[in-house]
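Engineer: What follows is a structure written as structure tokens; I'll ask about it next.
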Amino acid sequence: MRVFYMILWLCAPFFVKAQGTLAENQLDGLLLYKSEMTSWYGTDVVREKFPGALKSLGGYFSYPSGNWYSCVFYSKDAQPKVLITISFDSTYQLQEAITNTETREFTAEELVYYKLRKAAFEQVKQDTSVHLLPNTSLNFVPLVHEGKHKVYVLSGPKEPNIVLFGNDYLLLFDDKTHIKSLTKLHKQAVPIKYDDKQPVAASLHTDTNESDKYITATDICTLMLYARYAGWKQHFVVSPSFVSIWDCEKDELNVITIEAWHKILEAQQQK
């Protein structure tokens with residue numbers, strides 16, 4: 001343990017240098033998590049209260065409003081209307097959810113999210129670099145924050161007891177919803193199967209994509225969503241240059257160089 005903290009101290013200059021990228025990844029990861037939680041629970045409420053309704057809807061997205069998050073379900077019309085809105089406070093308690101079935105137009109804020117999601121869907125549909133893996137679905141998550149317009153595309157597993165990292169993308173748009181870039185965040189998909197009856201304390205995946213050397217926002221979101229079911233306490237993301245260490249219980253991140261990581265492994269082997 002002393003060796004571990006000594007290495008963290010030696011890596012202090014790196015932490016200062018990398019704060020910007022790591023902070024943005026962490027913030028986006030948290031925003032993704034809240035959006036996905038809202039969509040998960042929002043669709044659960046719709047299935048329970050309005051059986052079969054999801055098949056007749058045009059789609060949905062989630063967005064923040066103060067301390068609340070809302071999941072908006074809209075029609076299939078050429079000019080869609082909002083049909084159902086499910087809103088949650090920060091606790092995500094289903095009994096506290098507010099259901100509104102008033103048919104209405106999008107608010108100005110909602111229209112931005114709708115256009116972002118639609119533009120991302122159309123872009124992905126024509127981009128040959130984006131793939132749909134077997135037994136997965138592509139989830140489009142629009143984010144609008146601090147003047148930036150983003151859509152993350154995550155692969156969600158359809159099989160139980162699988163945590164899937166990778167096959168994820170980031171699309172950047174200007175404020176007119178014109179595409180600026182599409183980035184593949186991982187070079188490969190990494191499915192990790194877990195046994196919830198015999199959980200392991202830590203898990204790991206490697207990422208050889210040097211365009212993002214640290215844990216990605218999608219990794220953080222995935223861990224915040226699934227680690228509790230898998231029973232993980234820590235998760236390690238190993239890239240060619242750095243190792244990101246995510247504390248699944250505290251939702252905290254540490255990053256060390258790959259050289260420091262090897263020193264830790266060597267110290268443990270000598271014990």
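The values are calculated or read from the model by the stated rules, or taken from the named source; none is laboratory data. Computed from a predicted structure; not experimentally measured. Ideal geometry is used to build each Cβ from the backbone, glycine not excepted, and the neighbour counts take in all protein chains shown.
Engineer: Considering only the range 247-263, how many residues are in a loop (DSSP other than H, G, I, E, B) and in contact with a strand residue (DSSP E or B) (Cβ under 7 Å, 6 or more places away or on another chain)?
Structural biologist: 1
Engineer: Additional query: Considering the range 80-100 alone, what residues qualify as being over 13 Å from Leu57 (Cα atoms) and modelled with pLDDT of 95 or more?
Structural biologist: Ile86, Ser87, Phe88, Asp89, Ala97, Ile98, Thr99, Asn100
Engineer: Can we say Ser211 is of a type in the set (S, T, N, Q), under 29 Å from Pro64 (Cβ atoms), at pLDDT below 95 and surrounded by fewer than 12 Cβ atoms within 10 Å (Cβ to Cβ)?
Structural biologist: yes
Engineer: What's the total number of residues in the range 255-271 that are loosely packed, with under 15 Cβ neighbours inside 10 Å and in contact (Cβ under 8 Å) with a residue 12 or more places away in the chain?
Structural biologist: Of the residues in that region, 1 qualify.
Engineer: Could you check the range 40-87 and list, in sequence order, the residues that are crowded, with 16+ Cβ neighbours inside 10 Å and more than 30 Å from Asp28 (Cβ to Cβ)?
Structural biologist: Phe50
Here is a yes/no grid of residues against (1) farther than 30 Å from Val72 by Cα; (2) of a type in the set (S, T, N, Q); (3) part of a loop (DSSP other than H, G, I, E, B):
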| position | (1), (2), (3) |
| --- | --- |
| Thr128 | no, yes, yes |
| Val141 | no, no, no |
| Lys150 | no, no, no |
| Val153 | no, no, no |
| Pro160 | no, no, yes |
| Thr177 | no, yes, yes |
| Ile192 | yes, no, no |
| Asp196 | yes, no, yes |
| Ser203 | yes, yes, no |
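Engineer: Among the candidates Val72, Val16, which residue alone is at pLDDT 95 or above and either assigned to a helix (DSSP H, G or I) or among the β-branched types (Val, Ile, Thr) (or both)?
Structural biologist: The match here is Val72.
Engineer: Quick check on Tyr226: is it surrounded by 15 or more Cβ atoms within 10 Å (Cβ to Cβ), in contact (Cβ under 8 Å) with a residue 24 or more places away in the chain, of a type in the set (Ser, Thr, Tyr) and part of a loop (DSSP other than H, G, I, E, B)?
Structural biologist: no
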